Structures are given as structure tokens and as C-alpha cells.
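Working notes, structure below.
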Amino acid sequence: MTDNEGQFDAIVVGSGITGGFAAKELTEAGLKVLMIERGRKIEHQIDYETETKAPWEMEFRGEGDTALYERDYAVQMLNRHFTEFTQNHFVNDAEQPYQKAPGKDFDWFRSYQLGGRSLTWGRQCYRWSDYDFGANKRDGVGTDWPIRYAELAPWYDRVEEFVGVSGAREGLAQLPDGHFLPPMELNVVEQAVRERIRAKYPERVLTIGRTANLTEARPEQGRAHCQYRSICARGCSYGAYFSTQSASLPAAQKTGRLTVVTDAQVHRLSYDPATRRVTAVHWIDTRTGEHKRAHSRIVFLNAGSFNSVHVLLNSRSEAMPNGLANSSGVLGTHIMDHASTLAAKAIMPGFEDRTTFGNRPTGVVIPRFKNMETLDGDGFTRGYSYQGGAMQSTWTQGKRMGGIGAEYKDKLHQVGPWSMVLVAFADSMPRAANRLTLSKKLDPRGVPQLEIAFEHGAEEHAALADAKKEAAAMLTHAGGKVIMGFDRPNHGGTAIHEMGGARMGWDPQTSVLNRWNQAHDAANLFVTDGAQMSSSACQNPSLTYLALTARACDAAVSMLKEGRI
Amino acid sequence: MSAAGQGWNRREFVGAASLLALALGVPAAAIRLTDLDAQDAPTERQRSLMTRVADLVIPRTDTPGAADVGAGDFVILALAHGLSETRAPMAAANVTAALAPFRRRNGSLRYLAWLENALDRSASGDFLRHPRERQAEILAALDEAAFAKEAPFSPWNAIKGLILTGYYTSEAGGSQELRYELVPGKWEWNIPLTPEMRAFSSDWTAVDFG
Ligand SMILES: Cc1cc2nc3c(=O)[nH]c(=O)nc-3n(C[C@H](O)[C@H](O)[C@H](O)COP(=O)(O)OP(=O)(O)OC[C@H]3O[C@@H](n4cnc5c(N)ncnc54)[C@H](O)[C@@H]3O)c2cc1C
Ligand code: SF4
């Protein structure tokens, strides 16, 4: 694919949540698209090898081979979603190394494969509000977002309609309602906790997690309704959760205008300073080591936040010695990841004679309630919210119990007591010192590795301290007995909401992208994954990446049609 | 599952998969101890001991017990591969005079050798020669000490945890002693819980967090 001049209108780098969607939008708008994916091909339904396996069909019973994990998956194994059932949907860290700045930790959880992390994600979908888009301006940290909620709202609509998001409408300013499929019900304990919290704190709302799982079938997309298995990250042959494979890829393929290349690690874009355009996308065929390239009129980078920044940093040239689209010098800086921790776990007595049937693939959420109309946070200016839920324990509780023999065995087959957990996610402040650079060390294919320097700061610590206090107060008020709670953030990366590094802004001197996700320095280059983010909010980000992707695709197509790029 | 990909129909797909499982008996992954490094390979006595210990924790009742499902061998495999952090170097504070002799060069503990020794010492001789009731007493005492409030570190907690894993993730443990439902198909948020209802081994959230 070296002399493909004229063959493709657009190249999309990455096939995950945002790349898959960009490919759909661009092909549906009539463009011929080449999607380049670093990882292997995974075919919907056919390649979900562990989907229907029982633990007794797995050599390590679903827990996985720790010895193997320590050798090859030293980072991925730290993520609780990484199991023997899902290990084939996460990267091999030994083959895909990165560096951490001395003395700093960052656990980078990745899926390099067709579909990227759309296969492994937790599917939580939340709109951002103007508390979020206005955050940088309000407290003066970071650069002002060049957009506000009203501009994005129609794009959220468009995305939700395609993705299929189930949820309950609550009329909250801080968590705008969307186009929802019917919500999954709160369980009996969560319903009670919702009522009890509302009685004491009228402005705090516990609601069902808004999730990209279909509560109604979508025959027109070939997708069945959710079967309540909660094994989504193995891949779902019902197509009941949104992934590239279940939804955006088939839509793009239907146009007949999509070409997909897998096992292709993009390492560099070339740039012509005379025209100020990207002229080619270069990749390494990871099976043969061969170097290849392709041309197109526009390029969309959707390699998953840090990977997109990595490609830009590695695309240094004489004209752009510090990296492509980096005349501002801010490329790689102001990276973020939500500060998260288990804020409270409580035993919930009073429901001993109630239970549930089925595995609901979402939890609950308590949206932000601090720093809204007034700045009332003690040592922090932004938000935090909780995700969690109530559940009953099963045999694993026996690991904490004394006893042996028949009586012990009989106790363990009973449905265990109810407990409830609240995990806090706090806004991550955009700081220049938290940044990505190129390391001198090379990966096995000879590409300089990415180095990550990241640290949570005083604001995040203060927010989580407050979150711990409030979580305990709410659960206690709701009749629970709090048995544990933490306020120290987990390592950077553990929220798996890493973002920033190519931020959007008004000013080409202080930002990488303009308000259409277009590089200030290269008119035909668009970055629409998490790299674009100028602040983090405290909601899961992917729905917002998708809305921004859809909007940018529309803008790019208009610019092309009008001959402006 | 390639057949499911072509001319695919969901109900057929699920139906066919479960019929097939019924017809063939669900293939269980064999526990392969033959692949272990020489220094991790158990002695025959250790295998018998682990099988018996597992069975004392989860005996046969109206459902199979841990010995029936090979949970002892699973524990040996798991210990050799370091499940539940059993191959990690011990924290310095946990290294007592009683445990020190069982450390490997890298500071991790030889759990199996420790257990064998601890039980034989409590039995003042060969643990396996005692009648089952006496073995149960000895093990119960060790268990009680390990699970007491503020108890110091004991290797037993991890071994017992792995016995439970070996049992409840076996076919009998997971689907007879407990209920296993891969495709619930619906979500019922509030139903009565009666004493004869058994927990689900397929309640993945509960397995993770419970
Ligand atoms: C366990 C887990 C739970 C999560 N839960 C949620 C949640 O509930 N809600 C939420 O909003 N988000 C969640 N996330 C985060 C979410 O998955 C990401 O925000 C989202 O996938 C980002 O989409 P993306 O397209 O930017 O990147 P990805 O989905 O990561 O896709 C990037 C793709 O680009 C490819 N690629 C990378 N580098 C290159 C290269 N150099 N050349 C070619 N291709 C390349 C990768 O292989 C990959 O396929 C979760 C993530 C995980 C792992
Ligand atoms: S819970 Fe629903 S979406 Fe998830 S794997 Fe099961 S059927 Fe698919």
C-alpha cells in the first residue's frame, strides 16, 4: 500500500471506541476510509473464544496463571477486569513496553486489537455538563474549553441513538439526561438507599448506571437485548453491548467504503511544511516487520489518548522538531486520569429475605454534588462522583471465615449478606508537569517508547478525603455499617480514563487542537480520542469522546466538501 | 463457534451450545501437574495430604466434596504458579522462626512443605495415619488460630482460599453445590430469598467483591 494516491479520502488510526465510530461516520458521509489497527483481527461472534466457558473448563479456573502474568502481563494483571477469561483482550506488556518517569507510577491498561478497548470497557456512558466544560475557566487551572454543552448536546443525541444507552432520566444539571433505552432496575437495597439518601440530602441522587447495554433488541443492527450475564469483556455474541465489532464496524462495512488493516503499528506521520498538511501515515507490519505507508486527504488519530500523542511526538521533523502539531510546546502535557478509590464499603442489614436473579452489567452512580453553584469543596475546586452498588456475597466470603467441615460447607452455599460499595472518581487537574515524552528506549519493533510522568496532586487528595467522609455518612444514614473506606488515590491509570496531551483550546500558542479537533498546525489532521481533552470532569469519558468524534467528522467532511482542506 | 457466525440465530446458537454440552458432558480442563518444574512437583505424600486436607475443609455431603473434584491437585498447581500471591516474597514482618526454614531463595514460602510439616508436628507424627476425626480436630485447631481476630500471618489462609477456589470452580462445586447460570436472560431486582435457595457461582460481582 505504498502508492495508493487517490484511493483513500481518510485514514483513521485505531479501531477502538472512537476510531470505529469515526470510520462509521466518515464512510457514511461518502468518504473512502482506511482504518489502520495495531493489533490482531478479532471477528464478532467467531473469535470470542472464552465467552461461553465455565470456570471448570479453564486451566486456572478463571483466575489465570500468575507466573505467566508476572512475566508477560505485569501491568495488565493489576486490573481486576483482567482474568483468564479476558486476558486475550488485553496487551502483552512484555511486547508493548512503556516507561514510567523515575519515582512515578502509572498503570496503563490497554487493549491492542481490532475493537481496542470497546471490547473490554465498562460501558458506563455519561454526558458532561457546563460544570465540566467551564471548569478550567472557573478556577483558572488549564486552558478554557472552546466549546460548551449546548454545542455538544445534539452530538450526544446522535451517538446515544446509535450506541444504545440504557438509563433513567433524572433532570440533573450536573449529569444531563440523554436518549435512553429503558433503565435496568436498582436492586432492593439500592432502591432503599436511594430513598434514604434523598430524604436527608435532597440534592443527592443515586441512580442506575447509564450503560451501553441494550435493554431492548435492535434487530436492524443485528443486536439482541442483554441477557444479564455480566461477562461482557469476554466479547458478546448477542452484540448486546456497544463495541466496534457489534455496532460501528458493521455499519462502516455496509457502506462498502471501508478498508481495514490489522497488525499495523503506526509510528509516524509525515508532514509538508509548505502546505502545512500531513502527507502520509507510516506503519510497521508487526508480523513481517515491513514498513508501509499510505496517503489520504485527511487523517484521524484515534489510537487511544496516549498512543495518539505518542505518534505525534514520534513524528518530529526538521519543520517540527518537538513533534508534529507541537508549535505550542504543549503536546504531551496536561495528561489526566481520574483519582479513584474505594471510598466506602458497608454491610447493609435488613434485607436478609430478599435477593435478585441475573447479573446486571452495570452498577449505580451518585453524581457530583460538590462545587456546583458555590465552591464549597474543602481544598478542591472540582467534582467527584461515586459508582458502585449493592450485592450479596457468595462462596468467596469463605476465604475470610474460620471453619472447616460440613457445617462450614453448608454455610457457604447460602446466599451471603448484602453489602454496598461506593467507589469515588474525582476530577484530575490538568497540570503541565504531568506529561508524556519519548524515551530513549526502543520497543521490540524499534520505535522509541512512551514515557509517562504522572502524579495526583493536593486537590485530588482533598477530593477523595471528602468523598470518603461523605460516603460513610450517606451509607451510615441509609442504615449500613461501614467496614472500610479509603481516601488515598490508586496509582495513576487505574481509573482507565487516561486523557489529555493534545488539548483543545482557543489559542494555537497554548493548545494543540482547535474547537473542531483539527490540529492548529496541520489543517488535515484531526485527533478525536481522549488526547483532545482539556479537563477531565469526573464522569467516565468515552461517550464525550464519541460525541466530539461525531462532531469532528461532520466538520471535517464539510471542510473537505467546501474545498477548505 | 464458527458455525454460529454464519446464518446465525441467537436462540439456535445458545440452544446448540447447551445441547452439545449435555451430549458430550462439559469438558473439564484437566489439572496438569506433569508440567511443573522439578522443585515444584509434589511428592505422592504431599498429593495425598493436600487431597485429604481439602476434603476435611469441604467434605462430601449430599453433594460431592473437595476430594471428589480434585481440589487438592488444583491447590498444588495454583501454589506452583503463584496464585493468591503465594510466590511473592514474604513481607519481612511475617517471617517468624517457624516459617523461616520454608522460604525459597527469593523469599517466597514453600506452602506445601510448610503445611506438611505443621500438620505432622501437631499430629506428633504422621498426620495421614490418624483417623479422619482426629485429622479434622488437628486441622480445625490450625484453622481457628489462623482465623482468630488479630491473628498473625498464617500460610493456611491462602491454602484454604485456594481449596475453596478449587472446589467452587469445579463443575460439581459450581453447579451442584451452588447454582451456575451462564445465560440468566433477565434481571429480577427483588425476589424472596428462602433458606433452601443456593448462591450462584456465576454471580461474578459477588465472586469478585463478596
Ligand atoms: C476495563 C475497562 C473499563 C472501562 N470502563 C469504562 C467505562 O465504563 N466508561 C467509559 O467511558 N470508559 C471506560 N473505559 C475506558 C474506555 O475503554 C476508553 O476511554 C475508550 O476505549 C477510548 O477509546 P479510544 O478509541 O480512544 O481508544 P481504544 O478503545 O483504546 O482504541 C485504540 C485503538 O488504537 C489502536 N492503536 C494504538 N496505538 C496504535 C498505533 N500506533 N497504530 C495503530 N493503532 C494503534 C489500539 O490497538 C486500539 O485498538 C474502560 C476501559 C477499560 C480497559
Ligand atoms: S451482560 Fe449483556 S452485554 Fe454483557 S455479555 Fe451478557 S448479554 Fe452481552
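What is the stretch A:253-297 by shape, rounded, prolate or oblate, if you read a ≥ b ≥ c off the alpha carbon gyration tensor as root eigenvalues and call it rounded for a/c under 1.5, prolate for a/b larger than b/c, and oblate otherwise? Note, shape of the stretch A:253-297 comes out oblate. Between A:N92 and A:R71, the simple label model (points 7 Å from Cα in the Cβ direction) yields a spacing of 1.1 nm.
Sorting B:E144, A:E57 by accessible area puts them as B:E144, A:E57; the probe is 1.4 Å, largest comes first, and only protein heavy atoms count.
Relative to the longest principal axis of the Cα atoms of chain B, helix B:111-122 runs at roughly 60 degrees. Which of the aspartates and glutamates could a cross-linker span from A:K561 if the Cα-Cα distance has to be under 19 Å and same-chain partners fewer than 8 positions apart are dropped? Within the straight-line limit of under 19 Å, A:K561 reaches these aspartates and glutamates: A:E5, A:D9, A:E25, A:E28. Electrostatic bookkeeping for B:G107 treats Lys and Arg as +1 and Asp and Glu as -1; over the other residues with beta carbon under 14 Å from its beta carbon, the sum is +4.
Shape verdict for the stretch A:160-233, please, from the Cα gyration tensor: rounded (a/c under 1.5), prolate (a/b greater than b/c) or oblate. Judged from the Cα gyration tensor, the stretch A:160-233 comes out oblate (a/c at least 1.5, b/c at or above a/b).
By the Stokes-Einstein formula, at 1.567 mPa s and 4 °C, chain A with its Kirkwood radius over alpha-carbon pairs has D equal to 54 µm²/s.
Taking 16 Å as the straight-line reach from the Cα of A:K100, the lysines in range (excluding those fewer than 8 positions away in the same chain) are A:K440, A:K441.
With a 10 Å cut-off around each Cβ of A:61-69, the average count of Cβ atoms from other chains is 6. Among the protein heavy atoms, those of B:W189 account for about 80 Å² of accessible surface (1.4 Å probe, every chain in place).
Per residue of B:156-164, other chain Cβ atoms within 10 Å of the residue Cβ number 3 on average. Taking label positions 7 Å along the Cα-Cβ direction at both A:Q7 and A:Q509, the computed distance is 4.4 nm, reported to one decimal. Once the Cα atoms are used to define both axes, helix A:17-28 deviates from the longest principal axis of chain A by about 50 degrees. Here r is the Cβ-Cβ distance between B:S122 and B:L33 and R0 is 35 Å; the resulting FRET efficiency, rounded to 0.05, is 0.85. Among the protein heavy atoms, those of A:Y386 account for about 0 Å² of accessible surface (1.4 Å probe, every chain in place). Once Lys and Arg get +1 and Asp and Glu get -1 on their Cβ, which of A:N88, A:G30, A:A101 lies farthest toward the positive end of the dipole of the stretch A:1-105? Farthest towards the positive pole: A:A101. Rg and Dmax of the stretch A:124-179, based on Cα coordinates, read 12.5, 36 Å.
The alpha carbon radius of gyration of the stretch B:4-203, expressed as a multiple of 2.2 N^0.38 Å, is 1.24.
Between A:E170 and A:A150, the contour length at 0.36 nm per residue exceeds the alpha carbon distance by 5.4 nm. The GNM of chain B, with springs linking C-alpha atoms under 10 angstrom apart, assigns the highest mean-square fluctuation among B:A136, B:A92, B:A80 to B:A92.
When all protein chains stay in place and ligands, DNA and RNA are ignored, the 1.4 Å accessible-area order of B:Y167, B:Y111, largest first, is B:Y111, B:Y167.
Working from Cα pairs under 8 Å separated by at least six residues, relative contact order for chain A is 22 percent. Of all DSSP-defined beta bridges confined to chain A, some 70% are antiparallel rather than parallel.
Over 25 Å between C-alpha atoms is what I'm after, so list which of A:K104/A:K469; A:K468/B:K160; A:K200/A:K370 land there.
Values: A:K104/A:K469 27 Å; A:K468/B:K160 32 Å; A:K200/A:K370 16 Å.
The answer is A:K104/A:K469; A:K468/B:K160.
Each part reduced to its alpha carbon centroid, the stretch A:537-565 and the stretch A:268-286 end up 21 Å apart. Relative to the longest principal axis of the Cα atoms of chain A, the long axis of helix A:149-163 makes an angle of roughly 80 degrees. Ordered from highest to lowest accessible area with the whole protein assembly present and a 1.4 Å probe, A:S542, A:S534 read as A:S542, A:S534. Loop-located GluC sites (Glu not before Pro) across the stretch A:353-460 with a Cβ neighbour count of 13 or fewer within 10 Å are A:E373, with loop assigned by DSSP.
Need one word for the stretch A:101-239: rounded, prolate or oblate. Basis is the Cα gyration tensor (sqrt eigenvalues a ≥ b ≥ c); a/c below 1.5 gives rounded, then a/b vs b/c decides. Rounded is the answer for the stretch A:101-239, as its axis ratio a/c remains below 1.5.
Can you give the Kirkwood hydrodynamic radius for the stretch A:224-344, in Å, rounded to one decimal and based on Cα pairs?
17.8 Å
For A:K292, the lysines whose Cα falls under 20 Å of its own Cα, not counting residues fewer than eight places away in the same chain, are A:K32, A:K41. Residues of the stretch A:184-202 falling in the label zone of A:H477, defined by backbone nitrogen less than 13 Å from a point 7 Å along Cα to beta-carbon, are A:193-202. Summing Lys and Arg as +1 and Asp and Glu as -1 over all other residues whose Cβ lies under 12 Å from the Cβ of A:V193 gives a net charge of +3.
Net charge of the neighbourhood of A:E562, taken over other residues with C-beta under 14 Å away and scored Lys/Arg +1, Asp/Glu -1, is +2.
Ligands, DNA and RNA excluded, the heavy atoms of B:F102 present near 30 Å² of accessible surface to a 1.4 Å solvent probe.
The values are calculated or read from the model by the stated rules, or taken from the named source; none is laboratory data. Quick caveat, the model's predicted, so the values are computed rather than measured. Note that each Cβ is placed from the backbone with ideal geometry, even for glycine, and that neighbours are counted across all protein chains shown. Heavy atoms of the whole protein, side chains included, go into the accessibility calculation; ligands, DNA and RNA do not. Shrake-Rupley method; radii C 1.70, N 1.55, O 1.52, S 1.80 Å.
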